[in-house]
Amino acid sequence: MSDGSEDAAQTLWHGRFEDGPDEALLAFTESLSFDIRLAACDVRASKVHVRGLARVGLLTDDERDAILDALTTTGEELTGGGFAAEPSDEDVHTAIERRVTELAGPAGGKLHTGRSRNDQIATAFRLWVRDAVDHLAGRILDLQAMLLDRARQAGDAYLPGYTHLQRAQPVPLAHHLAAHAWAFGRDVDRLLDARRRIDVSPLGAGALAGSSLPLDPAGNGAELGFGAVFENSLDVTSDRDFVAETLFALSLLGVHLSRMGEEVVLWSSSEFGFLTLDDTFATGSSMMPQKKNPDVAELTRGKSGRLIGHLTGLLTTLKGLPLAYNRDLQEDKEALFDAVDQVDLALSAFGGMVATATFEIDAMAAAADDQTALATDLAESLVESGMPFREAHAVVGALVRQALAGTVTLAEAVAASPDFAGLTIRAGAAGGAELGVASLFEPGAALARRNSPGGAGTAPVAAQLDRLADRIAADRARLAEASGPAGG
Ligand code: ARG
């Protein structure tokens with residue numbers, strides 16, 4: 001099976017082996033087809049490693065410069081598409097070292113001094129994931145800012161708030177949109193928090209045990225802009241927590257996008273009619289001419305399953321591994337790359353869909369003006385006049401039952417009720433005008449009276465939107481500080 005011939009792939013370990021690797025082994029174990037995306041990060045880390053070797057006297061200045069030049073050329077070939085892969089280029093690290101050795105001559109053979117692919121892959125991958133996290137955190141902040149804009153544009157528009165998907169109480173549209181924006185804010189927070197644990201340099205950990213050579217992990221880590229350096233070589237060469245955490249943060253972001261997607265699907269249905277998708281973010285049917293479909297929302301919902309799958313897959317891969325590096329760890333990359341790509345695509349399409357959709361605020365108001373949605377507010381007006389809440393709940397419940405029987409409306413039942421006789425309510429904030437309880441049935445009146453902080457009333461929502469704007473600005477500053485020149 002092994003071809004063992006002269007031009008067989010020359011592996012990094014050929015000295016120990018009589019025969020070269022079988023084709024099937026190469027096909028099964030190669031990762032260049034996907035880890036080529038790490039080329040720029042690997043070249044960057046390799047340059048820092050080479051300068052570190054020269055600093056401690058393991059390379060002459062000439063050797064250092066020859067390898068650095070070769071690394072630059074190899075990096076350009078790899079990222080510019082001009083790289084000719086060899087069968088022996090098992091992964092991006094092997095490919096880079098092979099090409100550097102071709103270009104730099106004998107000095108190239110010193111590139112791997114004091115280094116293993118095990119600390120090398122961990123270093124390059126952490127650099128890549130750190131950049132990806134910064135990129136996606138910025139994109140989520142843009143999504144939040146768009147939702148905040150739409151919330152401000154919504155003004156006094158309101159819709160039914162739901163629990164159990166049953167109409168519950170009217171809420172401002174701005175409050176509903178901001179609710180999603182706050183959830184996305186937690187996603188940003190989670191990514192920035194995970195970033196601290198991504199931001200640890202493994203360079204200098206070797207295969208598993210460090211090295212007898214006088215390496216300088218702290219200096220190299222600082223030069224790569226890492227915030228910290230590994231404490232334990234066994235730990236850092238086997239640690240993929242940073243991948244799992246990132247996959248979790250992206251999965252939960254996916255869940256948040258998915259549930260908002262589900263609402264877009266519902267709201268754009270004829271049954272709800274709360275939202276009309278722009279033609280540019282809707283699809284049609286190949287057979288049914290009348291259809292306008294929310295495919296972006298559905299696919300966002302669908303892809304959340306794929307993100308959760310990547311997280312579950314990696315956790316399952318990790319759970320049985322003894323220390324330290326095991327080849328299983330190579331499975332971390334396709335999952336993470338795909339999760340990052342899918343989230344990036346989803347943020348563009350989903351953000352565009354929400355930014356361009358039209359909210360049908362008349363339909364929302366008509367649904368929210370369903371009188372029974374005011375039952376809680378009616379009960380609270382009795383409470384304000386001194387009635388225990390449980391009693392008020394029962395009084396209003398009985399009136400709702402009358403209204404549902406169909407002979408009177410809830411407003412008429414309230415007007416005829418002795419419990420409400422002579423009752424007046426505040427029109428807005430405490431101390432404001434007192435009106436008859438019938439005024440509660442005016443469209444939107446309940447929202448003006450709902451003043452508890454953080455609640456779905458006109459005044460608290462206005463304050464909340466200001467805080468949301470502050471929060472977005474603060475998180476943008478955190479991100480800029482973490483990813484700025486000092487943060488790498
Ligand atoms: N391509 C491998 C990975 O992605 C790194 C190589 C380490 N391989 C090894 N046999 N020690 O994990």
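The values are calculated or read from the model by the stated rules, or taken from the named source; none is laboratory data. Because the structure is a prediction, the values reported are computed rather than measured. Methodologically, a virtual Cβ is constructed for each residue, glycine included, from the backbone with ideal geometry; neighbour enumeration extends over all protein chains shown. Only protein heavy atoms, including side chains, enter the accessible area calculation; ligands, DNA and RNA are left aside. Shrake-Rupley method; radii C 1.70, N 1.55, O 1.52, S 1.80 Å.
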Counting only DSSP beta bridges with both residues in the chain, tell me the antiparallel percent, nearest 5.
85 percent
Count the net charge of all other residues whose Cβ sits under 13 Å from the Cβ of Ser269, scoring Lys and Arg as +1 and Asp and Glu as -1.
-3
Provide the packing ranking of 202-212, 466-476, 22-32, i.e. peptides ordered by the mean count of other C-beta atoms within 10 Å per residue, highest first.
202-212, 466-476, 22-32
In whole Hz and in residue order, list the ³J(HN,Hα) couplings for segment 186-200 that follow from phi through the Karplus curve 6.51 cos²θ - 1.76 cosθ + 1.60, θ = phi - 60°; x for Gly and Pro.
5, 5, 4, 4, 5, 5, 5, 6, 4, 4, 4, 8, 6, 7, 10
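Please sort 407-414, 312-319 by packing, taking for each peptide the average over its residues of neighbouring beta carbons within 10 angstrom, highest first. Don't skip to the answer; put the middle values down first.
Numbers: 407-414: 17.2, 312-319: 14.9.
Packing order, densest peptide first, comes out as 407-414, 312-319.
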From the C-alpha gyration tensor of segment 299-432, pull out the three semi-axes of the equivalent ellipsoid (sqrt of 5λ each), sorted largest to smallest, in whole Å.
56, 21, 15
Mean shadow of segment 22-83, computed from the convex hull of its alpha carbons, in nm²?
5.3 nm²
Under the Kirkwood approximation for Rh and a Cα-based Rg, what ratio Rg/Rh is obtained for segment 385-429?
1.00
Taking H placed 1.01 Å from N in the peptide plane, check which residues at least 5 places from Leu58 or on another chain put their amide H under 5 Å from its amide H.
none
Averaging over all projection directions, find the projected area of the Cα convex hull of segment 200-292 and quote it in nm² with one decimal place.
10.7 nm²
Using the heavy atoms of the protein chains and a 1.4 angstrom probe, tell me the accessible area per residue for the chain in square angstrom.
46 Å²
Per residue, the convex hull enclosing the Cα atoms of the chain spans a volume in Å³ of 208 Å³
Phi-based couplings in Hz for segment 38-52 (Karplus 6.51, -1.76, 1.60; Gly and Pro marked x):
8, 3, 4, 5, 5, 4, 4, 5, 5, 5, 5, 4, 5, 5, x
Students often forget the sequence filter, so: which lysines lie under 26 Å Cα-Cα from Lys333 once same-chain residues fewer than 8 apart are removed?
Lys47, Lys303, Lys319
Using θ = phi - 60° and the Karplus form 6.51 cos²θ - 1.76 cosθ + 1.60, what ³J(HN,Hα) does each residue of segment 152-169 get, whole Hz, x for Gly and Pro?
5, 4, 5, x, 8, 4, 9, 9, x, x, 10, 10, 6, 6, 10, 4, 10, 8
Averaging over every viewing direction, what projected area does the convex hull of the Cα atoms of segment 346-420 cover, in nm²?
7.7 nm²
For Asn293, enumerate residues with amide H under 5 Å from its amide H, sequence gap 5+ or separate chain, H modeled in the peptide plane.
Thr283, Gly284
With a 1.4 Å probe and all protein chains kept in place, how much accessible area does Lys291 have, in Å² rounded to the nearest 10?
80 Å²
Which order do the peptides 56-65, 92-101 come out in when sorted by mean C-beta neighbours inside 10 angstrom, highest first?
92-101, 56-65
Pairwise centroid distance, computed over Cα atoms, of segment 152-203 with segment 213-269, Å:
21 Å
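Please quote Rg/Rh for segment 179-245 to two decimal places, taking the Kirkwood radius as Rh and restricting both calculations to Cα atoms. Kindly include the intermediate steps, with their values, before the conclusion.
Working: Rg = 15.3 Å, Rh = 13.4 Å.
Radius of gyration over Kirkwood radius for segment 179-245 works out to 1.15.
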Test of understanding: extend the Cα→C-beta vector of Ser385 to 7 Å, then name every residue of segment 405-428 with backbone N under 20 Å from that spot.
409-428
Cut-off 18 Å (backbone N to label point 7 Å along Cα→Cβ of Asp419), residues of segment 356-380
371-380
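Using a 1.4 angstrom probe on heavy atoms only, work out the carbon and sulfur share of the accessible area of the chain in %.
Values: 12420 of 22500 Å².
In the chain, the share of accessible area belonging to carbon and sulfur is 55 percent.
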